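K.L.:
Encoded as structure tokens, here's the structure I'll be asking about.
None of the figures in this text is laboratory data; all of them are computed from the coordinates on show. None of these values were measured; they are calculated from a predicted model. Cβ coordinates were reconstructed from backbone atoms using ideal geometry, including for glycine residues, and neighbour counts include every protein chain displayed.
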Amino acid sequence: MSESKRAGLALSKSRYLCGLQCPKLLWLRYNAPEEVPPPDKSSLDIFEQGHLVGDFAKKIFPDGVEVDHSRSFEYGLTQTEDLLKKRVPIFEAAFKAENCYFRADILVPSDQNRWDIIEVKSSGDLKDVNNLDVGFQLHAAKKAGLDVRRCYLALINKNYVRNGDIEPSKLFNMIDLTSSIEEFAKVAEEQIPKMLETIASNCCPDPGIGNHCKKPFRCPMFDKCRSFLPERNVFFLYRGKELPFQLVNAGIYELAKVDVSGLTKHQSIQVECEKTGQPHIDEGEIYSFLKNIEYPAFYMDFETWMSAIPMFDGGSPYEIIPFQFSVHEIAKEGSEPKHTSFLYDGVDDPRPAFMRALMKCIGPKGSIVSYNASFERNILQKSSEIYPEFAEWFKSLENRFVDPLILFRSFAYYHPQQNGSCSIKKVLPVITGQSYESMSIGQGMDASREYFRVTFTEDNSDKEKIRKALEEYCCLDTMAMVDIVGKLREMCIE
């Protein structure tokens, strides 16, 4: 890095948080940005959600003015200076002092020419990283000469219930961080010079892999930094927590080379399967599970979405909304499955139509087979609370659920190619040879994202194509359970 560039180094808030997480990531951001992978779709969704939440927070201050950053950062600084003189609420106020700069989500004038900083988050819970975030802002604001009275964190009020138009003042909880935030401002003061030295260095630091790779966020370099590991590595270890890091530090990278002494029962099974290449099968436990399935059996799966901003009356932030289901009914053991599906097409609350359609295809007796059944059960319970006309029907279902996931969590069946996962996406290929790989939509997050896009945005020219892909995906989820249970039954018969 040239001397002129070194002299002009400055840290933004986001880069500061990068530096706290990993010095290697910080160095790469400045010195080799092309090495850092771009945000994935899930990250972009989170950013978009944050922008939406931020827009609602601004509505709490109807006389506020937003700084125009479309021209340049310097123009934003100048406009911020002008607005500070006018003593109005400011959105995206820009500050630069010495070697750091930031934009305040909301800046509110208070007494005696002082100001309150409000940082807006789309989460409903205070996190450690939030204190570090606001601490940086307080440090930079003071360096820029701003007289700060209080610092707040605006978090989503998870108990808010929508009734008509969104009420921004009730949608947020204002958490006063003032009494504790000074210590985090001191952290910024101490860390910033160290980070600038790191950036200016000609050598990229290498702290190795550790918990910092996923905390507070999954690092974009996560996969690249683990590329030295063999394909069958110790990080597949079931619920390994700190153990994989200990093994790597001891020079043990391959899962098959792990000593089973000291492992949990499940981990021991996993390592033994890794060594032999053969599955572990507990026929007795599998047989006991299969006996609990009563016919007719209804193999059921839902697709859902959730939003920080409740979209319908009676809804709350991050409430899970079902929009699709698939049911394969097996009248008796060995009979051909009958498929019924539902995919809502509309911009109002899908739950009333969803529940009515489900009532028609779930008979009054027989098992309801769902993978991770608590998810579907909780959705039905919540829907019946919001729409009480379904409450009695839901109660009739509560004791009928059967969950195949428990077999795989107990390791009654485990195949080494599951890679320590009990997900149906991992179980299906090893038991049946089928997979989700050829699906244009093959993950629940993708299904939620694509349904929302073609239903509630103008980016919907491929709506019919997406709806067809959604039908195929949800259908496979339930047919996968039918096939898995069928193969497990064959194992017990054999």
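K.L.:
Which whole-number percent gives the relative contact order of region 23-125, counting Cα pairs below 8 Å spaced six or more residues apart? Mind showing how you got there, number by number?
P.N.:
Working: 114 pairs, mean separation 20.3, N = 103.
About 20 percent, as a whole number.
K.L.:
Still on this structure: Suppose a student asked you for the relative contact order of region 284-493, using Cα pairs under 8 Å spaced at least 6 residues apart; what percent would you report?
P.N.:
24
K.L.:
Let me ask something additional. Can you tell me the order of 144-155, 244-255, 451-462 when each peptide is scored by its average per-residue count of other Cβ atoms within 10 angstrom, highest first? The partial results should precede the final answer.
P.N.:
Details: 144-155: 18.9, 244-255: 15.7, 451-462: 13.8.
Result, highest mean first: 144-155, 244-255, 451-462.
K.L.:
Which pairs in the list LYS215/LYS275; LYS215/LYS241; LYS59/LYS127; LYS24/LYS121 are over 21 Å apart, alpha-carbon to alpha-carbon? It would help to have the intermediate numbers written out before the result.
P.N.:
Numbers: LYS215/LYS275 32 Å; LYS215/LYS241 13 Å; LYS59/LYS127 24 Å; LYS24/LYS121 26 Å.
Violating the 21 Å Cα-Cα cut-off are LYS215/LYS275; LYS59/LYS127; LYS24/LYS121.
K.L.:
Measure nothing fancy, just the Cα-based angle from helix 73-86's long axis to the longest principal axis of the chain, in degrees from 0 to 90, nearest 10.
P.N.:
70
K.L.:
How many angstrom separate the Cα center of region 22-51 from the Cα center of region 351-365?
P.N.:
Cα centroid of region 22-51 versus Cα centroid of region 351-365: 43 Å apart.
K.L.:
Relative to the longest principal Cα axis of the chain, at what angle does helix 41-58 sit, 0 to 90 degrees, rounded to 10?
P.N.:
For 41-58 against the chain, the angle is about 50 degrees.
K.L.:
I would also like to ask the following. For the pair ALA353 and ALA331, what calculated FRET efficiency results from E = 1/(1 + (r/R0)^6), where r is the Cβ-Cβ distance and R0 = 25 Å, to the nearest 0.05? Could the numbers behind the result be given before it?
P.N.:
On the way: r = 26 Å, r/R0 = 1.04.
The pair ALA331/ALA353 has a calculated efficiency of 0.45.
K.L.:
Oh, and also: Taking the Cα centre of each part, how many Å lie between region 214-237 and region 260-298?
P.N.:
27
K.L.:
Going Cα to Cα from LYS186, which aspartates and glutamates come in below 13 Å? Please leave out same-chain ones fewer than 8 positions away.
P.N.:
Leaving aside aspartates and glutamates fewer than 8 places away in the same chain, those within reach of LYS186 are ASP133.
K.L.:
Viscosity 0.692 mPa s, temperature 37 °C: give me the Stokes-Einstein translational D for region 3-200 in µm²/s, with Rh taken as the Kirkwood radius over C-alpha pairs.
P.N.:
On the way: Rh = 17.8 Å.
Rounded to a whole number, D works out at 184 µm²/s.
K.L.:
I've got another one for you. Please compare each pair in LYS158/LYS214; LYS86/LYS142; LYS41/LYS463; LYS291/LYS465; LYS96/LYS224; LYS265/LYS382 to a cut-off of 29 Å on the Cα-Cα distance and tell me which ones are over it. Let's see the in-between values first.
P.N.:
Values: LYS158/LYS214 25 Å; LYS86/LYS142 19 Å; LYS41/LYS463 19 Å; LYS291/LYS465 40 Å; LYS96/LYS224 33 Å; LYS265/LYS382 36 Å.
Too far apart for the 29 Å limit: LYS291/LYS465; LYS96/LYS224; LYS265/LYS382.
K.L.:
Could you tell me how many degrees, from 0 to 90 and to the nearest 10, lie between the Cα long axis of helix 351-361 and the main elongation axis, the longest principal axis, of the Cα atoms of the chain?
P.N.:
10
K.L.:
In terms of Cα to Cα distance under 20 Å, which aspartates and glutamates are near enough to LYS395, apart from those fewer than 8 places away along the same chain?
P.N.:
By straight Cα distance, LYS395 reaches GLU294, ASP301, GLU376, GLU385, ASP403.
K.L.:
Same structure again: Can you list the HN-Hα couplings for region 270-278, worked out from phi with the Karplus curve (6.51, -1.76, 1.60; θ = phi - 60°), rounded to whole Hz and with x for Gly and Pro?
P.N.:
Result, ordered by residue: 4, 5, 4, 5, 5, 6, 8, x, 10 Hz.
K.L.:
Determine the relative contact order of the chain: mean sequence separation of Cα pairs under 8 Å and six or more apart, normalised by residue count, in whole percent. Write out the running numbers ahead of the final one.
P.N.:
Values: 746 pairs, mean separation 61.3, N = 494.
It rounds to 12 percent for the chain.
K.L.:
Now for a different question. HN-Hα J couplings of region 443-453 from phi, Karplus 6.51/-1.76/1.60, θ = phi - 60°, integer Hz, Gly and Pro as x?
P.N.:
Ordered by residue, 3J(HN,Hα) equals 9, x, 5, 5, 4, 4, 4, 6, 4, 4, 4 Hz.
K.L.:
Something else: If each of ILE166 and LEU229 carries a label point 7 Å out from its Cα toward its Cβ, how far apart are those two points in nm?
P.N.:
If labels sit at ILE166 and LEU229, their model points lie 3.8 nm apart.
K.L.:
Order the peptides 100-106, 402-408 from the highest to the lowest mean number of other Cβ atoms within 10 Å of their residues.
P.N.:
Put in order of decreasing packing, that is 100-106, 402-408.
K.L.:
Suppose only helical runs count, i.e. DSSP H with n ≥ 4. What mean residue ellipticity at 222 nm does that imply for the chain under -39500 (n - 2.57) per run, divided by all residues and rounded to the nearest 500 deg cm²/dmol?
P.N.:
Value at 222 nm, helices only: -13500 deg cm²/dmol.
K.L.:
Now for a separate question. So between TYR287 and ASP55, what do we pick up on full extension, going 0.36 nm a residue minus the alpha carbon distance?
P.N.:
Values: separation 232, 0.36 × 232 = 83.52 nm, distance 5.48 nm.
Residue separation times 0.36 nm, minus the Cα-Cα distance, leaves 78.0 nm.
K.L.:
What does the highest-first list of 371-384, 197-210 look like by mean Cβ count within 10 Å?
P.N.:
Going from most to least packed, we get 371-384, 197-210.
K.L.:
Would you mind ranking TYR30, TYR16 by Cβ crowding within 10 Å, fewest neighbours first? Spell out each step's value before the answer.
P.N.:
On the way: TYR30 18, TYR16 25.
Least to most surrounded, the residues fall as TYR30, TYR16.
K.L.:
How large is Rg over Rh for the chain, taking Rg from the Cα atoms and Rh as the Kirkwood inverse mean of 1/r across Cα pairs?
P.N.:
Details: Rg = 26.9 Å, Rh = 26.3 Å.
We get a ratio of 1.02 for the chain.
K.L.:
Could you tell me which of LEU155, SER180, LEU138 has its Cα farthest along the dipole of region 77-211 towards the positive end, charges placed at Cβ (Lys, Arg +1; Asp, Glu -1), taken about the Cα centre?
P.N.:
Result: LEU155, furthest along the dipole toward the positive end.
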